[in-house]
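Structure record follows, encoded as structure tokens.
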Amino acid sequence: MDVAPSVDTVYQAIRTLHYDTEVHAKEKASIWLGEFQKSVFAWSISDALLREDRDLESSYFAAQTMRTKIQSSFHELPPESYEALRESLFSHFSTSGSATNHVIVIQLCLAVADLYLQVPAWKNCVVEIIDRFQKSSTDIGILLEILAFLTEELVHSRLRIGENRRSEIRNEFLPHATMLLSFLVVFRNICPNHTLYITNRNFFANLILNIALANY
């Protein structure tokens, strides 16, 4: 893809994929969207789709694209853009669709976790995330998801990060491990009906285990 498509063009392709009744049109849209996701233009257009928050389908596609780009095409971005990307991802949690739909939140949490793992210059990530997401039950849910993905990726990483970077991250987690474990125990006791606990009874046990393993 040599020329950047408009946001509307991408949005219409997403609509075609989900709602067009013609099989050929859906297949064509799927192929085109796949090529779009591989292009460098996917970064800015996905960011725009998340900001506009037109509907669930487009927001989910955009969040999934951002997560995939960070995982597999991070080399496309210059280092000076990393901070802006981080702030943009954080801002998307506050949009209506992202705040209320768990599938979008999951993609954004994965994106944040993978971004941190690949950016050594992002210091004090654990403290920053806790400071940002401890103000409401919704925010705490986001906080727990990010921590879960961070520790899971650190222990069972799909990313090609070296052992030196892995050691750096473990060293950053280490001073906060006791505080994180205490926080999880308190949260579980005072919020037993939180969505994360209801939908996945093993969530807290797995997160605690991964925090322990990450600091082993």
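The values are calculated or read from the model by the stated rules, or taken from the named source; none is laboratory data. Because the structure is a prediction, the values reported are computed rather than measured. Note that we place each Cβ from the backbone using ideal geometry, even for glycine, and neighbour counts take in every protein chain shown.
Pick from the range 1-45 the residues that are surrounded by 12 or more Cβ atoms within 10 Å (Cβ to Cβ) and not in a helix (DSSP H, G or I): which of them is modelled with the lowest pLDDT?
Of everything passing the filter in the range 1-45, Met1 is modelled with the lowest pLDDT.
What's the total number of residues in the range 120-134 that are buried (at least 18 other Cβ atoms within 10 Å of the Cβ) and under 11 Å from Ile169 (Cβ atoms)?
2
From Ser94, Ser58, which residue is over 21 Å from Gln118 (Cα atoms) and crowded, with 18+ Cβ neighbours inside 10 Å? Spell out how you get there, then give the answer.
Numbers: Ser94 fails: crowded, with 18+ Cβ neighbours inside 10 Å.
Answer to the selection: Ser58.
Given the conditions (1) at pLDDT 75 or above; (2) not assigned by TED's automatic domain parsing to the domain that holds Glu87, which single one is not true for Asn193?
Against the list (1) at pLDDT 75 or above; (2) not assigned by TED's automatic domain parsing to the domain that holds Glu87, Asn193 comes up short only on (1).
To keep it simple, each residue is scored yes or no on (1) in contact with a Ser or Thr (Cβ under 9 Å, 6 or more places away or on another chain); (2) in contact (Cβ under 8 Å) with a residue 24 or more places away in the chain; (3) not charged (D, E, K, R).
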| site | (1), (2), (3) |
| --- | --- |
| Ala13 | yes, no, yes |
| Glu27 | no, no, no |
| Gly34 | no, no, yes |
| Phe41 | no, yes, yes |
| Ser46 | yes, no, yes |
| Leu50 | yes, yes, yes |
| Arg54 | no, yes, no |
| Glu57 | no, yes, no |
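So which helices (runs of 4 or more DSSP H) are wholly in the range 78-121 and hold at least 3 residues that are at pLDDT 90 or above and among the aliphatic types (A, V, I, L, M)? So that I can check it myself, show each step before the final result.
Working: elements: 82-92, 96-100, 102-118.
In the range 78-121, the matching helices (runs of 4 or more DSSP H) lie at 82-92, 102-118.
Let me confirm something: among Pro79, Pro5, which residue is within 30 Å of Leu147 (Cβ to Cβ) and either touching a residue at least 24 places away in the same chain (Cβ under 8 Å) or among the polar types (S, T, N, Q) (or both)? It would help to see each step written out before you state the result.
Values: Pro5 fails: within 30 Å of Leu147 (Cβ to Cβ).
Result of the check over Pro79, Pro5: Pro79.
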